[in-house]
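Worksheet: the structure to be examined is printed underneath.
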Amino acid sequence: MHESGQSFPVVIFTGGPAVDTQVLRFSSRLDQQANIRLLAIISESPVRGFRGKALDLWRRRGVLAPIILIRNALAATLSAVVAPTRFLRRRRSLRQIRDRLHFVDDIHSTDTLRLIERLEPALGLVYGGPILRPELFSIPSLGTLGIHHGKVPHYRGKKTTFWAMYNGEPDVGVIIQKIGSNLDAGDIVMQANLSVGREPLPRVRRKLDEIGLDLYLSAIDAVLDGSASYSNQPVLAAPQRLYKDPTASDILRFWGKYFVRLFRGFDRA
């Protein structure tokens, strides 16, 4: 158990040319924890700013990138007008972490590794970041945790909530794992499931994000106070698919399948 009043230094590892909304919420929640000192947020992104966002979207979404950029810009404008309090809260949160935010070209570069070593974190925390190698995730004295939105071992890789719903799964999951050498195969600290029902993907994602955020904070507390229990992931006989970002045709097929299942459900009701 940790001593009363003791605070543990932690570092967040993430990726992208800008701070993701969930990463920002996660860092804000960490700042509110009396037993945690958030030292730094390290984000790997060779190209930053709007150009970085555009290139990242093009890499992941292809021809859909311009549509997504326009949609995001409209959504941000609408949010600032309709929900100014939320918009101002985000800007305030960004100001609070500005001095601790580091964008790096390579998260495994010598300079980045030396920075983490100088900070001497007790715990590393991955949220939407690149795949970490042992020379980085082993620096924190208590290891490194990561959040994965997907039921393991069946759903490893990227966009696993999308793929679970694409495959017609009745529920989706989120785990907090100890980062190891194999992708999304670390020991599980905590996990939770969410029933899908007829919910659309955006709503399922929002709900799972909320569950995952609370689960992550609970797992961090358990690791820091020594009460965490780690369980091995199940081992399956056959190798499982490693999911990747969906293509434009995958997304179109997904919504086609969703509406077919939705209307069939209404017919049976």
- What ratio of Cα Rg to 2.2 N^0.38 Å holds for region 98-190? 1.22
- Query: For the chain, modelled as a GNM with alpha-carbon contacts under 10 angstrom, which of ALA83, ALA34, ALA18 fluctuates the most?
  - Reply: ALA83
- Query: Scattering from the C-alpha atoms of region 198-269 alone, worked out with Debye: what is log10 I(q)/I(0) at q = 0.12, 0.18, 0.23, 0.24 1/Å?
  - Reply: -0.66, -1.01, -1.06, -1.08
- Item | Under 13 Å from the ASN35 label point (7 Å along Cα→beta-carbon), backbone N, region 204-219 | 217-219
- Query: Between ASP171 and ASP111, 0.36 nm times their residue separation minus their Cα-Cα distance comes to what?
  - Reply: 17.4 nm
- Query: Over all distinct alpha-carbon pairs, what is the Kirkwood Rh of region 145-203 in angstrom?
  - Reply: 11.7 Å
- Query: In the Gaussian network model of the chain, springs joining C-alpha atoms below 10 Å, which of ILE179, ILE68, ILE12 carries the largest mean-square fluctuation?
  - Reply: ILE68
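For every helix of n ≥ 4 consecutive DSSP H residues, a contribution of -39,500 (n - 2.57) applies; sum these over the chain, divide by its total residues, and give [θ] at 222 nm rounded to the nearest 500 deg cm²/dmol.
Here the helix-only value at 222 nm equals -14500 deg cm²/dmol.
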- Nearest-20 debye value, region 144-209 charge dipole, Cβ charges on Lys, Arg, Asp, Glu: 220 debye
- Message: Over 10 Å intervals from 0, what percent of Cα-Cα pairs in region 84-131 sits in each interval?
- Response: 19, 43, 27, 10, 0
- Task: Pairs of lysines 8 or more apart, or on different chains, with alpha carbons under 27 Å: count those in the chain, would you?
- Result: 22
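What dipole magnitude, in Debye to the nearest 20, does the chain give about its Cα centre under +1 on Lys/Arg Cβ and -1 on Asp/Glu Cβ? Show your work: numbers first, answer last.
Working: 38 positive and 25 negative charges, 285 e Å.
The dipole of the chain has a size of about 1380 debye.
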- Task: Please give the solvent-accessible surface of HIS102 in Å², to the nearest 10, using a probe radius of 1.4 Å with every protein chain present.
- Result: 60 Å²
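The values are calculated or read from the model by the stated rules, or taken from the named source; none is laboratory data. Quick caveat: nothing in here was measured; it's all calculated off a predicted structure. Heads up, the Cβs are rebuilt from the backbone with ideal geometry, glycines too, and the neighbour counts pull from every protein chain shown. Ligands, DNA and RNA are stripped out before the accessible areas are found, and what is left, the full protein with its side chains, is counted by its heavy atoms. Shrake-Rupley method; radii C 1.70, N 1.55, O 1.52, S 1.80 Å.
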